[in-house]
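The values are calculated or read from the model by the stated rules, or taken from the named source; none is laboratory data. The shown structure was predicted, so the numbers you read here are calculated from the model rather than taken from an experiment. Here the Cβ positions follow ideal geometry from the backbone for every residue, glycine too, while neighbour counts run over all protein chains shown.
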Amino acid sequence: MRQSVTTIENIPEWGDPWGHPRYYLGITIRRVYAYILDIVVVGLLTGMMFVASVILGALTLGLLWPILMVLIGLVPILYHTLTIAGPRSATLGMRVAGIKVMSVAPGAGQDGGRPTLLQAMIQTVGFYGSVAITCTLILLVALFNPRRRTLHDFLAGTVVVNDPVQWGGPGN
């Protein structure tokens, strides 16, 4: 009886935690640090949006307040989605922490590993949804897999790694 062996060909370098561990060294604590910085950024953006909505709401005698409140609620989702899908594949907090989001979807290496807008949206909505439901306990999933992926990383087909630009790796 002949057994078939399945191999993954053309796996991107960042997708192999055993062959290229430098992508994952200290990644968990860097993710926490990056998110704390992102909370500050989102807070500042939300505050500016709130001030603008108070002014615009007052000028329109309250007619725009419902729409503006929805927009304020979308600030964190838009911030994370647009920055992760952007050219640097990282939020401002991630850039400071020296990490970035990479796609592990088939063919990801052709685009330098940058996640698509859909992947970024799935990751962001999955993050906020899972954290809201489990009160951050779902993030413990990252401690039990070699790539330190969380549930929202699995759903989006992404992985968060140390930015290869630090050592002159791919994407440099």
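With respect to the conditions (1) part of a loop (DSSP other than H, G, I, E, B); (2) modelled with pLDDT of 95 or more, Leu45 lacks only one, and its number is (1). Of the residues making up segment 127-148, at least one is touching a strand residue (DSSP E or B) at 6+ places or on another chain (Cβ under 7 Å) and on the phi < 0 side of the Ramachandran plot.
The residue of segment 54-103 that is surrounded by the most Cβ atoms within 10 Å (Cβ to Cβ), among those that are farther than 18 Å from Val40 by Cα and touching a Lys or Arg at 6+ places or on another chain (Cβ under 8 Å), is Met102.
Listed by first and then second residue, the pairs with beta-carbon distance under 6 Å, at least 6 apart or on different chains, first residue in segment 106-134 and more than 18 Å from Arg88 (Cβ to Cβ), second buried (at least 22 other Cβ atoms within 10 Å of the Cβ), are Ile122/Ala156. Restricted to segment 104-136, and to residues there that are under 23 Å from Glu13 (Cα atoms), among the polar types (S, T, N, Q) and at pLDDT 85 or above, the residue that is surrounded by the fewest Cβ atoms within 10 Å (Cβ to Cβ) is Thr116.
Within segment 93-149, count every residue that is basic (Lys, Arg) and out of contact with any Gly (no Cβ under 9 Å at 6 or more places or on another chain). Walk me through it before giving the result.
To start, the set of residues in segment 93-149 that are basic (Lys, Arg) comprises 95, 100, 114, 147-149.
From what is left, the residues that are out of contact with any Gly (no Cβ under 9 Å at 6 or more places or on another chain) are 95, 148-149.
So the count comes out to 3.
Per the listing Leu92, Leu139, Leu151, Leu64, the residue uniquely modelled with pLDDT of 95 or more and aliphatic (A, V, I, L, M) is Leu92.
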